[in-house]
Amino acid sequence: MIHKKQWTPLIIAILLGTCIGLGTLLIQEKNKLADTSYTSSVKKAAPSVVNIYTQTASPNSILERNNNPHTINLGSGVIMSKSGYILTNYHVVQNASHIVVGLHDDRQAEARLIGSDPATDLAVLKIDLPNLTPIELGNSQTIQVGDKILAIGNPFGIGQTVTAGIISAKARNSIGLHSYENFLQTDAAINPGNSGGALVNLKGQLIGISSAIYSSTGGSQGIGFATPVNDALKVMSQLIKYGKVTRSYLGMDAKKVNKQLAKSLSLPVDHGLLVSHVIQQSPADKAGIEVGDIIVKINNTPSTNPFETRQRIANMKPGSVISLLGIRGLQSYQANIKLEKQPVMQHLIN
């Protein structure tokens, strides 16, 4: 027989067990819902994704006899701040004479171009409207291959559309689309009009700006690319502050050295970067770098990837001095090189 004094702890134990059981069930149901629906992610991110319509005057419009000598282009963008800054692709607004932004709540506004960066295919617009919903930012550094993601944009101008997929690969940098590439690759359907739209994680946080598709037909074939949000934010910051992006450069072209290349060319090492071209009067040229040299380290960090090395150099301030370790013939050498401002649309890798 249970005495009255024993009832209180027993009741507390029963209630506690019930709460734990209900909590476990709720978590299980929430996880089950996350596996079957992306509703919460879409509701969170969708209001921050806009449709972009640009009008471009035809270069032959004076000679044309039709009544509409303009081309209407379609794209997407992402609201980055309550003050109205929008991140999109450069090619979406390239040569635009008129830009209109359509919001998720059906409002429209004319936009002005703050700045663009063709090297990364990014641009920043500004609209002046109240009650904007900026997107929540994620971290593209922590995302992993295999993570589920969503792409939100305006494919073919039919209106805001959501597609789902995974991160197929990271750090794609030899596609040949832009001068500076560090793409996230996804199998989420990305079609014409998605450009400049959002790639988000399942928390509804921005992890990338949809940029391009790899296709022979112009439609989605399961290979899409997006600029990581961490990279895009650096570009956006400079565009807002200066209207352009300033980068450093060395002024040389190089190829990755591997065992096969080292064996075929009888190179003294099987790692590093083999210099194949040097621009006259560039920082590399002034420092005495020659074709055939092998760059082993820059600032004591091994240089094994020409694209990563180029990105590192570009992110440094013009005027910075780097320490370069190279090999010429069978002799190693060290050079201190003062970086300079990169000329417009410089295509060499460093």
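Since every read-out is calculated from the coordinates, none of them should be taken as a lab result. On a predicted model such as this, the values are computed, not experimentally measured, just so you know. When we count neighbours, we look across all protein chains shown, and the Cβ atoms used for this are built from the backbone with ideal geometry, even at glycine.
The table that follows gives values for the structure above.
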quantity	calculated
Estimated FRET transfer efficiency (Asp105, Leu137; beta-carbon r; R0 25 Å; 0.05)	0.70
Debye intensity ratio I(q)/I(0), log10, the stretch 234-342, q values 0.11, 0.12, 0.20, 0.23 Å⁻¹ (C-alpha model)	-0.36, -0.42, -1.00, -1.26
Long-range amide H partners of Ile149 with built H, under 5 Å	Gly165, Ile166, Ile167
Theoretical FRET efficiency, 1/(1+(r/R0)^6), r = Cβ-Cβ of Asp128 and Asn305, R0 45 Å, to 0.05	0.55
Summed side-chain charge close to Gly319 - residues other than Gly319 whose Cβ falls under 9 Å, Lys, Arg +1, Asp, Glu -1	+2
Whether the stretch 233-280 is rounded, prolate or oblate, judged on the alpha carbon gyration tensor where a/c under 1.5 counts as rounded	prolate
Sites Ser83 and Thr246, calculated FRET efficiency, Cβ-Cβ separation with R0 22 Å, nearest 0.05	0.40
Theoretical gain in end-to-end length, Lys256 to Ser37 [0.36 nm per residue, Cα-Cα removed]	74.4 nm
Extension gain (nm, one decimal) between Lys203 and Ile72, 0.36 nm per residue minus Cα-Cα	43.8 nm
Cross-link partners of Lys286 among aspartates and glutamates (Cα-Cα below 13 Å; sequence separation of 8 or more within a chain)	Glu340
Contour excess over end-to-end distance, with Cα ends at Ser332 and Val269 and 0.36 nm allotted per residue	21.6 nm
Spatially proximal aspartates and glutamates relative to Lys170 (Cα-Cα < 12 Å; intrachain offsets below 8 disregarded)	Asp147, Glu181
Alpha-carbon radius of gyration plus Dmax, which is the widest Cα pair, for the stretch 75-171 in Å	14.5, 41
